[in-house]
1. Would you check which residues across the stretch 144-183 are under 26 Å from Ile104 (Cβ atoms), assigned to a strand (DSSP E or B) and among the charged types (D, E, K, R) and list them?
2. Can Lys85 be described as over 18 Å from Ala161 (Cβ atoms) and at pLDDT 85 or above?
3. Looking at the stretch 150-173 only, could you name the residues that are among the polar types (S, T, N, Q) and surrounded by 21 or more Cβ atoms within 10 Å (Cβ to Cβ)?
4. Identify the residue in the stretch 127-143 that is part of a strand (DSSP E or B) and in contact with a Phe, Trp or Tyr (Cβ under 9 Å, 6 or more places away or on another chain) and, among all such residues, is nearest to Ala182 (Cα to Cα).
5. Just need a number here: residues in the stretch 94-126 that are modelled with pLDDT of 90 or more, part of a loop (DSSP other than H, G, I, E, B) and either out of contact with any strand residue (DSSP E or B) (no Cβ under 8 Å at 6 or more places or on another chain) or under 21 Å from Ile170 (Cα atoms) (or both).
6. Which residues, counting only those in the stretch 73-92, are out of contact with any strand residue (DSSP E or B) (no Cβ under 6 Å at 6 or more places or on another chain) and not in a loop (DSSP other than H, G, I, E, B)?
7. Within the stretch 139-176, work out how many residues are within 11 Å of the chain's Cα centre (by Cα) and of a type in the set (Lys, Arg).
Amino acid sequence: MTRRTIITTLLAAALAGPGAGVLTAQAPAASAAGHPDFTLKIRAKQAEAKVGSEIWIEIETTNTSSESFMIQAGNPPFWAEYRYKTYVRDEKGDLAPETKLGRIIRTGKDDEHPNGTVIWAGSGGVFRELRPGETAEKDEIILNRLYDLRKPGKYSVQVTAGPKDDPTKIARSNTITVTVTAP
């Protein structure tokens, strides 16, 4: 059986469909069924931010399988928004309102576009090997590019990624809390 690889590209995200939460993945053949082959760990760059300021999170991907796989390296800014599904919930547990960009990324549709759809295009980028146990360079997401966080309060944040065709292989990050304060 040939070794499968995890490939993360904006092009793969476009082919998988918007909102696929793509670290588009196929597990190495030796991995156990029903378990992701990588872990995701997030942290807020700042635990508290004023309304209107950018709220950044960092995402670490670690290979937990027994085989190496390929990941995209040298990520341009904002590509992580397309590769991960990001969930931001208010204190009641409800999803925060999406921004226009957040809705477009999740659905692939733009109500203001003449035909209502958006075509994603991009380059495959540069890839590098991620060995067993190794952690990749951090990805970053600006949460308020995806969600409207103008209401002061505490928000819980989690990201997921994995293959669209096998939900048992989707990795879920830890959940963090960010606090938005009045300006």
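1. Arg172
2. Numbers: over 18 Å from Ala161 (Cβ atoms): no; at pLDDT 85 or above: yes.
Criteria not met by Lys85.
3. First, the residues of the stretch 150-173 that are among the polar types (S, T, N, Q): 156, 158, 160, 168, 173.
The answer is Ser173, and nothing else.
4. Here the residue is Ile142.
5. Number of matching residues: 1.
6. Scanning the stretch 73-92 gives Tyr82, Arg83.
7. Counting residues in the stretch 139-176 that are within 11 Å of the chain's Cα centre (by Cα) and of a type in the set (Lys, Arg) gives 1.
Conditions (1) modelled with pLDDT under 95; (2) surrounded by fewer than 21 Cβ atoms within 10 Å (Cβ to Cβ); (3) under 19 Å from Thr39 (Cα atoms); (4) touching a Gly at 6+ places or on another chain (Cβ under 8 Å), marked per residue:
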{"site": "Ser53", "(1), (2), (3), (4)": "no, yes, no, no"}
{"site": "Trp56", "(1), (2), (3), (4)": "no, yes, no, no"}
{"site": "Thr61", "(1), (2), (3), (4)": "yes, no, yes, no"}
{"site": "Met70", "(1), (2), (3), (4)": "yes, yes, yes, no"}
{"site": "Ala73", "(1), (2), (3), (4)": "yes, yes, yes, yes"}
{"site": "Pro77", "(1), (2), (3), (4)": "yes, yes, no, no"}
{"site": "Glu81", "(1), (2), (3), (4)": "yes, yes, yes, no"}
{"site": "Lys92", "(1), (2), (3), (4)": "no, yes, no, no"}
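The values are calculated or read from the model by the stated rules, or taken from the named source; none is laboratory data. Computed from a predicted structure; not experimentally measured. Please note: Cβ atoms are built from the backbone with ideal geometry, for glycine as well, and neighbour counts cover all protein chains shown.
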